[in-house]
Amino acid sequence: MVDGMWTGLREVGMGASLCFFVAVQACVLLLFRWNLRHGVEARRWSGVVLAAVYGVAALLTWRVMGGAAGMWPALGGSVLIAMALCVAMRHDSVVRSLYFTNQVLGALLGTVILYRWFQEGFPPSASVARMLLFIPWVASLGGLVLLFVYRNNQDTAALQPLMRRRHLRPTQPLPPRRAPPFPRVTVQVPCYAEPPDVVKATLEAIARLDYPNFDVLVVDSNTKDPALWRPVEAHCAKLGARFRFIHVESLPGAKGGALNLAMRHTPPETQVVALLDADFVCEPDFLSRLVGFFDDPAIDYVQTPHDYRGWEGRRFLRSAYWAERLGNDLHFPGRNEWNLGVLIGTLCLIRREALDAAGGWSETCLSEDTELALRLSARGGQGLCLRSTFGRGLLPETFPAYQKQRFRWTVGPIQQLRLHWRAMVTGRHPRMVPEQRWDEVFRGLSFLNEQVLLLLGVLGLLGLSRLAFDRQSIALPDGLLVLMGTGFASAGVRSWLRSQLLGCSLGDLCAAEVIKAARAHTERVAVRVALFSRSPPVFRRTSKFKASPVGWRDALASTRPELTWGVLALGLAGALFLLSDLSHPDLFLLGAVGLGWRALGYFCAPAMAVLADAELREQTKAALNPEPAPERPAAAAPATVAACRTGAESSPGASPPR
């Protein structure tokens, strides 16, 4: 079958180019592996590596295809693009230029192959089905062209340590500051109906900070039950004059409103504001290693990664943990190198002057943190996203709570795009660097593009239905199968590289992908709500109280939409599979695989919901029925005591027997 595939490709003049693409992609992945193990190559070797990669790929193509006909346009174009990128991106490894260039080559090959397929692969009797399938493809092609660079950067940001020869922006914190100046820092801790013990642990950690000039302001807003906020108030009084507590009821604006109230009570001499969520226990050097960045007047904020505690021993929380670490440890710091920093709500420091000048916190946007970062950037300010952890919080213990959190985190950034997109497109913020402005614009376009493609997918299903009605099987082009196989293999290798950078197993990263698939439907709904809802969504906090199991039936019921869509997608996949011609992959088989994959993603949601509930049930049972403590051994015999005494005498560091 493989020989026949390459023969068919050779006949249409695409085989050599495709073989060259596959060979270059394999070399690029090997270079990633080399950089992981040995570090990024010196700049003087870039030309040698580039020539070696394209030389090896050309030789392999000549050997496999029995000639080089059809390869020269791909080789010549790739060399020109990659050389230009190497010159322009002098601080990057040659692997970035090679990777981007080969992505361009793959996209061009895919476009040519599919265009020929639409022109030649459909018989005249399938003209209606061809049109119904051609329209979504053209729309997706337009989105690909428009968002190609943005998506490539999003895809490779997590691999920045393997691509960057010299970092132009800080990635690690400074040494602890031990000598003046010590700018005044106010640590703000917003609370709403939090478990008192959780908040106390956060305040105890703040009290252990090794920085001499700070105060703490705890703002409890809208908590009705005095049994929740009174113990926190008493604990602040116990910790001393450095800690102040404010309780207020009927305060609008959710977390943004509480933070604006905190700013009104912040001492005028405060120069830097530190933000900690009520469940985040910070490290003692949280302030001393970060305040030094504000010596640079261009820096408006410093963000450190979210980290979490208490996830060990539970597969659901472990999946959520590594999904969050993928963004916090790799993606955000990777974007930081392109001056695309972001605030993510806690474990961050903000220059007080910049915060006041930007107008404070938004009280309508569900992600008041990222919205503030956008307004700070509009003023010309810069932010840093570092790689080092300075605190750990709590993850949602149930899947519905996790969905609620992800819904809020998805709606908020789209709200800010609706508020600011005109200013981004028209350039009303001349002090904002172009990279930041266009990143915001293309992020908004990516959200819109996804919704458009979902709608156009209906046309694709109608096209498949028409083919099914006419009993016409349309074979897939061989070149498309090669590109798809290369793409899947590359994605697997990139996932392994990310797992190595994170310090987790590939299984952990696969589990993270499962929970990301489980939350995908919630995020798609959140995008539609944020884009098309006239009334702003309500802020729904994530509870920090210990969750209780609800039973597998109720856990499944919480994911009823995902179950419904999953069953529907699986049924359609099964129907298309029965129509497919297994002797050669056809359009029905591709549709079956695509819908089956989508169904699997939907079913990840109920699986995670049931898993989280089952683990909660086991945890609750273990707490109610603790294992008995081991019995104390009987009194030692005289010979045993003598032996212990002898051992103690022979080892000066040993404790004498009692």
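Observations on the model:
- Considering only W438, S558, L459, and ranking their Cα positions along the charge dipole of region 423-563 that arises from unit charges at the beta-carbon of Lys, Arg, Asp and Glu, the one farthest toward the positive end is S558.
- Rounded FRET efficiency, nearest 0.05, which uses the C-beta distance separating A241 from W338 and R0 of 51 Å: 0.70
- The residue list V87, L147, A107 was ranked by how far each Cα lies along the charge dipole of the chain toward its positive end, using unit charges on Cβ atoms, and V87 comes out on top.
- Checking (1) 31.2; (2) 28.3; (3) 26.9 against the coordinates, the calculated Kirkwood radius over Cα pairs in Å falls under label (2).
- Tensor-based shape of region 362-403 (alpha-carbon gyration tensor, a/c under 1.5 rounded, otherwise prolate or oblate): oblate
- 1.4 Å probe accessible area per residue over region 125-195, in Å²: 45 Å²
- Each label point was placed 7 Å from the Cα along the Cα-to-Cβ direction; for A475 and R264 their separation is 7.4 nm.
- Nearest-0.05 FRET efficiency for L582 and D356, computed from C-beta distance (R0 56 Å): 0.25
- Once the Cα-Cα distance is subtracted from the 0.36 nm per residue extended length, the R528 to E120 segment shows a gain of 143.1 nm.
- Over region 309-428, accessible surface divided per residue gives 32 Å², non-protein components excluded, 1.4 Å probe.
- For the chain, the Cβ-based charge dipole about the Cα centre amounts to some 620 debye (Lys, Arg positive; Asp, Glu negative; other atoms uncharged).
- Local electrostatic count, T186, Cβ distance below 15 Å [Lys/Arg +1, Asp/Glu -1]: +2
- Charge dipole magnitude, Cβ of K and R +1, D and E -1 - region 316-437, Cα centre, debye nearest 20: 200 debye
- Lysine pairs with alpha-carbon atoms under 27 Å apart, the chain, spacing 8 or more or separate chains: 27
- Gyration tensor (alpha-carbon) shape descriptor, region 337-450, a/c threshold 1.5: oblate
- Taking the Cα centre of region 277-349 as reference, the dipole from Cβ charges on Lys and Arg (+1) and Asp and Glu (-1) amounts to some 460 debye.
- Candidate membrane-span-like segments in the chain, meaning DSSP H helices with Cα atoms spread over at least 27 Å of their own axis and a Kyte-Doolittle mean of -1.0 or above, are 15-38, 46-65, 94-120, 127-156, 399-426, 434-470, 478-502, 506-532, 560-579, 587-624, with no membrane implied.
- Element breakdown for the chain at a 1.4 angstrom probe: carbon and sulfur atoms account for 62% of the accessible area.
- Rounded accessible area per residue of region 535-584, 1.4 Å, Å²: 67 Å²
- Annotation: extensible slack from L80 through V493 equals 146.0 nm (criterion: 0.36 nm per residue apart, minus Cα-Cα distance).
- For the chain, the 222 nm mean residue ellipticity estimated from helices alone, with every DSSP H stretch of n ≥ 4 adding -39500 (n - 2.57) and the total spread over all residues, rounds to -20500 deg cm²/dmol.
The values are calculated or read from the model by the stated rules, or taken from the named source; none is laboratory data. As the structure is a computational prediction, the values presented were derived from the model and not from experiment. Don't worry about glycine lacking a Cβ; one is built from the backbone with ideal geometry, like all the others, and counts go over all protein chains shown. Surface areas here come from the heavy atoms of the whole protein model, side chains and all, with no ligands, DNA or RNA. Shrake-Rupley method; radii C 1.70, N 1.55, O 1.52, S 1.80 Å.
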